[in-house]
Amino acid sequence: MKLRRITGTDSLQPPNETTGGAMKTQILYIARKTTKTLVAVLTMAAGLYAQGSSTQQSLILRVMELNKIGLIGGSLKLTIDKLHAELFAPAPVVNANTTLLWTSNGENKKITVASNNNNSRYALRVAPQEMSPGAGVAAPEVSFSDNKNHDFIVGVNRSAGKCVIKFSAAADVAKGIGSDTHVVTFTITSS
Amino acid sequence: MKKSLVTLALAGLSILIVGNAFAQTSATQNVTLTVNTVYKISTSGNPSSMIVTTGTAGTDALSSVSDNSTTYSITQNFGNTVKLTANLDAALSAGYVLQLNMASSRGTSAGTVDISNATSGSAENVVTAVNRGADAGQMITYTFSALASAGMLSSTNKTVTFTLTN
């Protein structure tokens, strides 16, 4: 039994022989014809379903660097009016009613804090609390003694976050009575 | 004599009738009319640059920007099942979102569709069941938004392909 490969020049007429070899040839004939039919059907299908028309638009997209910072909570007043029970000194007061919010899509940013009062009679300290996870790292508590910028939150990278601002005020008896006014400014800036 | 005249007159009338009959002739032509399937789509140009410039403190999602300055027009005679798809040349990075809204008076708008990840192999339907006919000057609205956590994006050119197909 000798098999013969059907070539492109072979006739597509079915062979008449009924021997084993002829049967293989018959199978090859059917396969070839089926393939041709499939190709024809697929071509027609492509013709039916691939019809269409296209057009294009060109878009320019851009996101600028932006840094936003804000406060929830207005002006606040800290009044030292109690004595520490054991120390017989004025007891410090704490206010944690202000929330600081920030958003930055930049990298290596930090938030600084400064007071405009560099000659205050009483001590005023500030520290971040309850930081949003992953939005930055709290810096150590700042005690205002000048009007320079001090790190408040560092390591701000492409994030939006918030924290509670804890203000603490303290006084010595020797400082007597009186009042201080501070304008406290928070700034988001490059590290 | 009178009979002869009548006979002569009838003979002349017959000749006239036969002559008229042989003067009539006709010709025919077969005229084949074909209207092929027609799909046409065009846009009025390119939208303006979309630049995110602001946001809200404490919020990761920055303020989105939109553009509805361009329109599209279509004509098709295929049928009432034609649809309009849209895709980008390449997907946007995570954290950036491009949405598309195509108005339509002859089809059903899919509303606002996110095409940020729609590429040539995964085009999004933006209008479906478009009826046969023409629909001109329909508004294209893009909305681009970004997260702060995605960072900045330098000026990036994207190509949107609209395809009218069955």
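The values are calculated or read from the model by the stated rules, or taken from the named source; none is laboratory data. Keep in mind that this is a model prediction, so the values were computed, not measured. Using ideal geometry, Cβ is built from the backbone for each residue, glycine included, and neighbour counts are taken over all protein chains shown.
Just need a number here: residues in region B:122-164 that are farther than 26 Å from A:S104 by Cβ and either at pLDDT below 95 or assigned to a loop (DSSP other than H, G, I, E, B) (or both).
Total satisfying the criteria: 4.
For region A:164-191, which positions are among the hydrophobic types (A, V, I, L, M, F, W, C), closer than 17 Å to A:N118 by Cβ and surrounded by fewer than 15 Cβ atoms within 10 Å (Cβ to Cβ)? Give the derivation first.
From region A:164-191, those among the hydrophobic types (A, V, I, L, M, F, W, C) are A:164-165, A:167, A:169-171, A:173-174, A:177, A:183-184, A:186, A:188; that's our starting set.
Going one step further and asking which of them are closer than 17 Å to A:N118 by Cβ, we end up with A:169, A:183-184.
A:V183, the sole residue that qualifies.
Please report, ordered by residue number, the strands (runs of 3 or more DSSP E) entirely within region A:85-184 with at least 3 residues that are within 30 Å of A:M64 (Cα to Cα) and more than 14 Å from every other protein chain (Cβ to nearest Cβ).
Working: elements: A:93-104, A:109-115, A:123-129, A:150-156, A:159-170.
By residue number, A:109-115, A:150-156.
List the pairs whose first member sits in region B:36-61 and is more than 7 Å from chain A (Cβ to nearest Cβ), whose second member is polar (S, T, N, Q) and surrounded by fewer than 13 Cβ atoms within 10 Å (Cβ to Cβ), and whose Cβ atoms are under 8 Å apart, counting only residues at least 6 apart or on separate chains?
Hits for this filter: zero, empty list.
Let's see how each residue does on (1) at pLDDT 95 or above; (2) touching a Gly at 6+ places or on another chain (Cβ under 9 Å); (3) assigned to a loop (DSSP other than H, G, I, E, B):
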site: B:N46; (1), (2), (3): yes, no, yes
site: B:A57; (1), (2), (3): yes, yes, yes
site: B:S66; (1), (2), (3): yes, no, no
site: B:I74; (1), (2), (3): yes, yes, no
site: B:K83; (1), (2), (3): yes, yes, no
site: B:L98; (1), (2), (3): yes, no, no
